[in-house]
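> So that we are looking at the same thing, I have put the structure below in structure tokens.
The values are calculated or read from the model by the stated rules, or taken from the named source; none is laboratory data. These numbers come from a predicted model, not from an experiment. Note that each Cβ is placed from the backbone with ideal geometry, even for glycine, and that neighbours are counted across all protein chains shown.
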Amino acid sequence: MLAANPYGHSVYDQQQKYLIFMKWTYPVLALLGLIFLIYALIKWPEKRDYDRRLAAWSGDMWLEVKLLVSLIVLTLAVGISPIFGISPGGSDFLGWWLEATMMNISFLAGLWWFYLMILDLFYNRRAFFSHNLLNSLLKWYLKLENRASWQKSMLKRLYWLLAAEAVLALTSVLFLITSTHSGDWFILFLIAVMIAGAGIYLIYQYCLRYTQIVNDLERLFKHIESIKNGPAAAKLDIPREHDLYPVAQNLNSIQEGIMKTVADQMKSERMKIDLITNVSHDLKTPLTSIISYVDLLKKEEGLPQPARDYIGILAQKSERLKHLIQDLFDLSKASSENMAVDLEKIDLGRLIKQTLADMEEPINNSGLAFRVNIPEEPVYIISDGKKLYRVWENLISNALKYSLAGSRVYIDLIQNGRGAVATVKNTANYEMDFTEDEILQRFVRGDQSRSTEGSGLGLSIAQSFAAICGAQLSVKIDGDLFKVELAFAEFYSD
């Protein structure tokens with residue numbers, strides 16, 4: 001009986017098994033390829049979007065990187081056999097199989113890479129070639145030149161540090177490698193340690209400079225905060241050799257401009273107040289004489305009726321002028337902050353009711369319906385009762401003058417947390433062609449409301465007096481709805 005040959009059929013058997021394996025592999029791969037092809041046709045719109053994303057991703061790479069990767073992929077695909085040093089015809093079937101597998105993988109990777117390059121070229125077009133290392137360096141340089149001086153100095157210092165650290169690290173590594181193959185290894189090792197120490201020293205100096213910049217930035221932020229809260233008296237002092245010195249100088253210039261503008265504005269306001277006070281004072285004396293003589297004329301008997309009508313008009317206009325002059329006096333006092341304030345504990349709801357009662361006659365004659373919503377329990381505040389009474393008198397007079405005939409005026413008082421808020425709402429009898437801020441300015445009235453009596457000072461005086469009384473007066477306009485809100489920071493329960 002012949003013994004089995006342990007060598008003769010091993011390669012043959014392996015090749016037969018491989019052929020049987022490949023006999024089933026090719027149909028399966030063909031079927032999978034057909035399925036993937038059908039799926040790709042169905043998902044064609046999504047595939048185009050995916051291709052765009054792939055092209056956008058590859059478009060971020062430099063042209064030199066793409067060329068280098070293409071060269072590596074091409075080398076692997078073509079020269080895989082010399083790299084492994086295995087012949088396909090040898091008896092080492094396992095090595096041949098590994099070689100064939102690696103060649104297939106390299107070939108497929110090459111196909112995918114070049115497919116990616118085709119997508120990149122198709123979607124990015126000229127950007128495929130223009131996005132290269134040279135252009136990137138040029139853009140970086142131009143971007144650096146367009147930065148501020150302190151930014152350029154900081155970035156240049158960082159780039160020089162990185163370059164110096166790279167050179168020192170490379171030199172240190174070379175000395176260390178050389179010391180392992182040299183008899184004077186200790187000296188070379190010592191030089192490498194000194195070079196590493198120099199690199200650490202550079203990093204330490206950079207950290208010190210960076211800490212200095214951070215401290216200067218903190219001073220800048222605090223100074224900006226102080227300017228926001230009010231023009232600071234002292235300027236920001238940063239040494240000339242620091243990077244943020246130009247920024248500090250610009251901020252100081254802005255501060256000077258703000259302070260100059262504020263000073264000019266305050267000077268202008270004082271001049272206006274002085275002018276109003278002087279003019280009002282000069283008008284008050286002759287006006288008193290005019291009113292006195294008008295009163296005397298009223299008492300004269302035997303005057304014809306036209307003359308009495310003229311005297312009535314003179315009395316009416318002189319009285320209006322008297323109120324205007326008094327408003328000017330009050331406004332100038334409130335604006336100059338020289339007005340005495342008599343703070344006391346008062347019931348805000350009771351004060352509003354008293355004001356409405358005192359103005360009952362003009363309210364009844366106006367034809368307006370007042371809807372008053374004031375809580376029964378007292379709402380105590382600390383304020384000046386006389387001046388707050390004047391505020392409410394002006395607010396109600398404003399509603400009487402400028403409300404639509406037959407409409408309603410709403411007066412509400414509510415407690416909001418620890419605050420008290422009172423509102424006056426009315427429907428305007430004209431189209432309001434102004435903003436909330438404009439109507440609170442002096443001598444400002446709507447263009448269509450100038451036919452009525454008024455100086456345009458009522459709301460301005462009310463706002464000034466409200467501030468003196470510890471309240472904040474604001475105006476809101478919504479179409480024809482005019483709303484005045486008087487808010488107190490806190491109230492005191494009984």
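> Among strands (runs of 3 or more DSSP E) lying entirely in segment 341-457, which contain 3 or more residues that are modelled with pLDDT under 90, over 22 Å from F482 (Cβ atoms) and among the charged types (D, E, K, R)?
Of the strands (runs of 3 or more DSSP E) lying wholly inside segment 341-457, those with at least 3 residues that are modelled with pLDDT under 90, over 22 Å from F482 (Cβ atoms) and among the charged types (D, E, K, R) span 344-347.
> So D309 ticks every box in (1) in a helix (DSSP H, G or I); (2) on the phi > 0 side of the Ramachandran plot but one. Which box is left unticked?
(2)
> Is it the case that some residue within segment 336-354 is over 16 Å from A420 (Cβ atoms), among the aliphatic types (A, V, I, L, M) and buried (at least 17 other Cβ atoms within 10 Å of the Cβ)?
no
Residue-by-condition table, conditions (1) closer than 30 Å to M117 by Cα; (2) modelled with pLDDT of 75 or more:
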position	(1), (2)
H9	no, no
K17	no, no
Y26	yes, no
A30	yes, yes
D49	yes, yes
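> Among the numbered criteria (1) surrounded by 13 or more Cβ atoms within 10 Å (Cβ to Cβ); (2) more than 30 Å from M339 (Cα to Cα); (3) hydrophobic (A, V, I, L, M, F, W, C), which single criterion is violated by L296?
Failed condition: (1).
> Cβ contacts < 6 Å: first residue within 14 Å of E165 (Cα to Cα), restricted to segment 190-216; second residue among the aromatic types (F, W, Y), any location; separation 6+ or different chain. Result?
A192/F175
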